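All remarks here apply to the structure that follows.
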Amino acid sequence: MPATEAPTMDEIQLKKAVESLLFITDHPLNIGALCKITGVKDEARVGEAIAQIKREMEENESPVQLLEVADGYQMATRASYAPYVRKLFSDRLAMRLSTAALETLAIIAYKQPLTRAEIEEIRGVEVIAALETLLEKRLVKVVGRKETVGRPLMYGTTADFLRHFGLQSLEALPPIEKFGEAAAAAEAASQQTQQPDTAPQAWESAQEASAVVVPPEPQAEPLPEPRNIWGDETPSTESPQEEK
């Protein structure tokens, strides 16, 4: 069996070039972009270089990992080292979204493209402020106009949305049915914790354990029966007559 040939210098240089690009980029790069930058037309060679870089990072337990997000590739620190990175960039505020913004973003992610009126119909309240926040943070964008009266703007998610949530594509979103099942399970669990156990013995035991023990009130002893000091005859109520 012939020995495996060592990779040529071109392959080594290609791997190093791809690794440097994925390290320095501030947004995911797909294979097409990497081919264009490196001048290599064979996408399979670039894909193999990416796979080799990722494999070496895993084998060496590197604190940096290669992620496939937003239809591209980008390096990122592992979650276990996040506290150190957070301390280094403590002056930079992390992205925080209100409940209204998160609900609006979830609707857009699963129902896109859709208009503001359609979002408000689903949420039941206006979404102007939440929508402006999402646009400002570049999590959503205008993707066109709806062919209807007034031609309102239609919104959809961006590549930054995929990158922030670690998704390769919109197909990687969890099925929406799972949220309904989780909500039903949470509601059932909440009802069980709120209602007492209906088993008679358990319920009586709980009542006895929590009851305040009150000593019984002392009862008066019954009065003794009147004694007949006249013997067996009933005493007369008449005054005894004096003997003459």
Tabulated pairs, the range 27-49, first on the phi < 0 side of the Ramachandran plot, second hydrophobic (A, V, I, L, M, F, W, C) and not in a helix (DSSP H, G or I), C-beta under 7 angstrom, 6+ apart or interchain: Pro28/Val69; Pro28/Ala70; Val46/Val40
Failed condition for Ala3, given (1) under 18 Å from Phe165 (Cα atoms); (2) at pLDDT below 90: (1)
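Just the residues that are under 22 Å from Ser20 (Cα atoms) and assigned to a helix (DSSP H, G or I), please, taken from the range 67-81.
Initially, the range 67-81 is screened for residues under 22 Å from Ser20 (Cα atoms), giving 67-79, 81.
Ala79, Tyr81 - these are the residues of the range 67-81 that are under 22 Å from Ser20 (Cα atoms) and assigned to a helix (DSSP H, G or I).
State yes or no: is Ser90 out of contact with any Ser or Thr (no Cβ under 9 Å at 6 or more places or on another chain), surrounded by 10 or more Cβ atoms within 10 Å (Cβ to Cβ) and without any contact (Cβ under 8 Å) to a residue 12 or more places away in the chain? Break it down into steps so the answer makes sense when it comes.
Numbers: out of contact with any Ser or Thr (no Cβ under 9 Å at 6 or more places or on another chain): yes; surrounded by 10 or more Cβ atoms within 10 Å (Cβ to Cβ): no; without any contact (Cβ under 8 Å) to a residue 12 or more places away in the chain: yes.
No; evaluated as a whole, the condition is false for this residue.
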Residue check, Phe165 of a type outside the set (A, V, I, L, M), surrounded by 14 or more Cβ atoms within 10 Å (Cβ to Cβ) and in contact (Cβ under 8 Å) with a residue 24 or more places away in the chain: no
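The values are calculated or read from the model by the stated rules, or taken from the named source; none is laboratory data. Since we're looking at a predicted model, the values are computed, not measured. Cβ atoms come from the backbone with ideal geometry, glycine included; neighbour counts cover every protein chain shown.
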